[in-house]
Amino acid sequence: MGDRATEPIRVAAGSTESAFRPVALVEAGFRALARLRRAPALHPRGLTCTGELEVLDDGRGPWGVPWLDRPRRLEATARLSRAAGLRRRLPDGLGLAVRVPDADGPGGTLDLLMNSSGRGRAGRHFPLPRADAQGGPYSSLLPYRVAGRSCLLGAVPRRTRQAPVPGDPEGMAAALTAGPLVYDLCAETGDRSWRRFAVLTVRDILPMDREDTLDFDPYAHSVRAFTPGPALAAIRRAAYRGSRSGREDRREVS
């Protein structure tokens, strides 16, 4: 079969958009990179793990979000990843991805994606390479719409007896053999302070090859009143779409 990564992007009949628009180029680029890596285009190296998400009642009233306003424990799958694949002792962009299959009822799958970030109200908007996977916060970097309000999401690692945890797959695997890794999941409030909504516990590593890594996508897997915001939405959708289709191309020719 032909190399779909080099095929032109088709647009709907009557569309005036150019096939070389930035969105199409992003999708094609991410498709080619995913094909080459035989893994997600970004954060190709990582561990996929079992997990549990405990939705909390913090006593501060409802969120106005169906899945957050019902405290309970949910099964989850988490992926701890490394973006660029630098030498294990060097800082790298670190990723935390979470999938909750029935967050909003049967079939109501939720994906959350966060990256190692700076601290403070400004720093949480920017990715920050890190050597210690538990040495600082993670952030969605771009806002979500939570009950109609724009806010960032964050994950704050709890310091554990394993600390520091090297931010490479081997180091994180060694840490998980000694016990779970725990994160407080938060959303910004009106004054940009964090409000915790859940606790994520990452437990056992799943035997999964790079080719079988889950395709996390917060646009394909969002829930009522809790969705990615409009900032760079078209570009980000194209990136996820391209990464997913590149991996499908690879499976078809393998």
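List of remarks:
- Backbone HN-Hα couplings from phi across the stretch 184-193 [Karplus 6.51/-1.76/1.60, Hz, Gly and Pro as x]: 8, 8, 9, 10, 5, 9, x, 8, 6, 7
- Furthest towards positive pole of dipole, LEU185, GLY123, VAL165, structure part the stretch 96-232, Cβ charges: GLY123
- Accessible-area ranking of TRP67, TRP194, largest first, probe 1.4 Å: TRP194, TRP67
- The string of couplings for the stretch 53-62 from the Karplus curve (6.51, -1.76, 1.60, θ = phi - 60°) is 10, 9, 7, 9, 10, 8, x, 9, x, x Hz, one whole number per residue in order, with x for Gly and Pro.
- ARG145 sits with roughly 90 Å² accessible to a 1.4 Å probe, with DNA, RNA and ligands left out of the calculation.
- Cα gyration tensor shape of the stretch 134-232, rounded if a/c is under 1.5, else prolate or oblate by comparing a/b with b/c: oblate
- Checking every one of the trypsin sites (Lys or Arg not before Pro) in the stretch 150-230 against DSSP loop status and a limit of 14 other Cβ atoms within 10 Å picks out ARG158, ARG159, ARG161, ARG192, ARG224.
- For the stretch 179-205, the residues whose amide N sits under 16 Å from a probe point set 7 Å from the Cα of ARG72 along the beta carbon direction are 198-199.
- Amide hydrogen neighbours beyond the local backbone of GLY93, cut-off 5 Å, H modeled: ALA83, ALA84, ARG130
- Peptides 164-177, 131-144 ranked from most to least packed by the mean count of surrounding Cβ atoms within 10 Å: 131-144, 164-177.
The values are calculated or read from the model by the stated rules, or taken from the named source; none is laboratory data. Keep in mind that this is a model prediction, so the values were computed, not measured. Here the Cβ is made from the backbone with ideal geometry for all residues, glycine too, and neighbour counts use every protein chain on show. Accessible surface areas use protein heavy atoms only, side chains included; no ligands, DNA or RNA. Shrake-Rupley method; radii C 1.70, N 1.55, O 1.52, S 1.80 Å.
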